[in-house]
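My questions will all concern the structure given below.
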Amino acid sequence: MTTRPKRFYRAVTVDGAAPAFRVRLDGRPMRTPAKRELAVPSRALAEALAAEWEAQGERIDPATMPLTRLVNSAIDGAAGREAEVRDDIAKYAASDLLCYRAEGPTDLVRRQAGAWDPVLAWARETLGAGLVLGQGVVPVAQPRAAIAAVERALAGLDPFSLTALHVVTTLTGSALLALAHAHGRLTAEEAWAAAHVDEDWQTSQWGEDAEAKARRDRRWAEMQAASRLQALLADR
């Protein structure tokens with residue numbers, strides 16, 4: 001069992017100005033695991049990071065600092081690789097969860113349509129991304145114009161926004177759900193529920209598995225952290 005590191009600082013402060021706010025531990029600037037300077041574009045985000053570090057007890061528990069983990073990922077993993085992150089999100093759109101419909105039973109078909117059709121309509125009307133539907137698991141070839149529209153929606157996003165969007169995309173299996181949430185079309189709870197229509201239907205038929213529930217709870221916590229990161233970035 002790995003021993004958590006001891007808290008090595010007393011005071012946590014925030015300074016800087018747009019677009020680079022910094023968290024300082026005993027006056028020293030924080031750095032990422034890759035030793036890059038930890039600077040964020042929003043004071044609200046910097047203050048939320050500071051709160052995570054201030055809340056640590058005698059020992060530091062990374063599991064209680066989800067925003068810090070996401071910001072580290074943005075700086076160390078996404079910065080300088082924005083095109084790769086955008087491409088990965090766009091690949092999800094090419095096989096988006098919302099486009100694969102069940103042939104039956106009727107109740108599941110109805111649930112999928114109720115949760116997914118409004119998001120597809122939003123993507124078509126707002127983003128210009130008119131994706132096509134299929135049934136079962138047979139791959140559906142999406143129009144190049146639709147994928148290009150998704151790519152345009154991702155253009156210009158900073159590493160922090162891309163990181164949050166990528167996390168939501170991978171957790172839900174849907175670039176459209178992630179974009180709808182980022183644009184305020186869906187709350188985090190609505191996007192999460194839409195991503196789990198099939199799973200929730202199965203649960204209603206066969207009951208809930210404790211191990212699956214624990215895994216889902218962990219993933220929901222990640223979703224909430226990514227959603228909060230997006231909200232804090234918007235507060236500039």
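Bear in mind these aren't lab numbers, they're just calculated from the coordinates by the rules spelled out. Since we're looking at a predicted model, the values are computed, not measured. Quick reminder, even Gly has a Cβ in these numbers, built from the backbone with ideal geometry, and neighbours come from all protein chains shown.
Got a sec? Which helices (runs of 4 or more DSSP H) wholly within segment 53-128 have at least 2 residues that are β-branched (Val, Ile, Thr) and farther than 30 Å from Gln202 by Cβ? Step through it out loud before you land on a result.
Details: elements: 66-73, 82-94, 106-122.
Where helices (runs of 4 or more DSSP H) fall fully within segment 53-128 and carry at least 2 residues being β-branched (Val, Ile, Thr) and farther than 30 Å from Gln202 by Cβ, they are 66-73.
Scan segment 183-225 for residues that are in a helix (DSSP H, G or I), of a type in the set (Gly, Ala, Ser) and farther than 21 Å from Pro66 by Cα and report the count.
6
Restricting the search to segment 96-147, which residues are surrounded by fewer than 16 Cβ atoms within 10 Å (Cβ to Cβ), under 21 Å from Trp192 (Cβ atoms) and either touching a Lys or Arg at 6+ places or on another chain (Cβ under 6 Å) or among the small types (Gly, Ala, Ser) (or both)?
Passing the criteria: Ala113, Gly114, Ala121.
Hey, another quick one. Is it the case that Thr203 is farther than 21 Å from Ala93 by Cα and not acidic (Asp, Glu)?
Working: farther than 21 Å from Ala93 by Cα: yes; not acidic (Asp, Glu): yes.
Criteria met by Thr203.
Another question about this same structure. Say we look at segment 148-169 and pick out the residues that are in a helix (DSSP H, G or I) and small (Gly, Ala, Ser); which of these is surrounded by the most Cβ atoms within 10 Å (Cβ to Cβ)?
Narrowing segment 148-169 to residues in a helix (DSSP H, G or I): 148-154, 159-169.
Among the residues that remain, those that are also small (Gly, Ala, Ser) are: 148-149, 153, 161, 164.
Values: Ala148: 13, Ala149: 20, Ala153: 24, Ser161: 21, Ala164: 28.
Among those residues, the one meeting the criterion is Ala164.
Name the single residue that is surrounded by the fewest Cβ atoms within 10 Å (Cβ to Cβ) among those in segment 194-236 being in contact (Cβ under 8 Å) with a residue 12 or more places away in the chain and basic (Lys, Arg).
Arg236
Mind counting the residues in segment 39-84 that are surrounded by fewer than 17 Cβ atoms within 10 Å (Cβ to Cβ), among the basic types (Lys, Arg) and in contact with a strand residue (DSSP E or B) (Cβ under 8 Å, 6 or more places away or on another chain)?
Adding up the residues that qualify gives 1.
Let me confirm something: among Ala191, Ala175, which residue is buried (at least 19 other Cβ atoms within 10 Å of the Cβ), of a type outside the set (S, T, N, Q) and either at positive phi or in contact with a His (Cβ under 6 Å, 6 or more places away or on another chain) (or both)? Don't jump to the end; show me each part of the working.
Values: Ala175 fails: either at positive phi or in contact with a His (Cβ under 6 Å, 6 or more places away or on another chain) (or both).
Within the list Ala191, Ala175, the selection yields Ala191.
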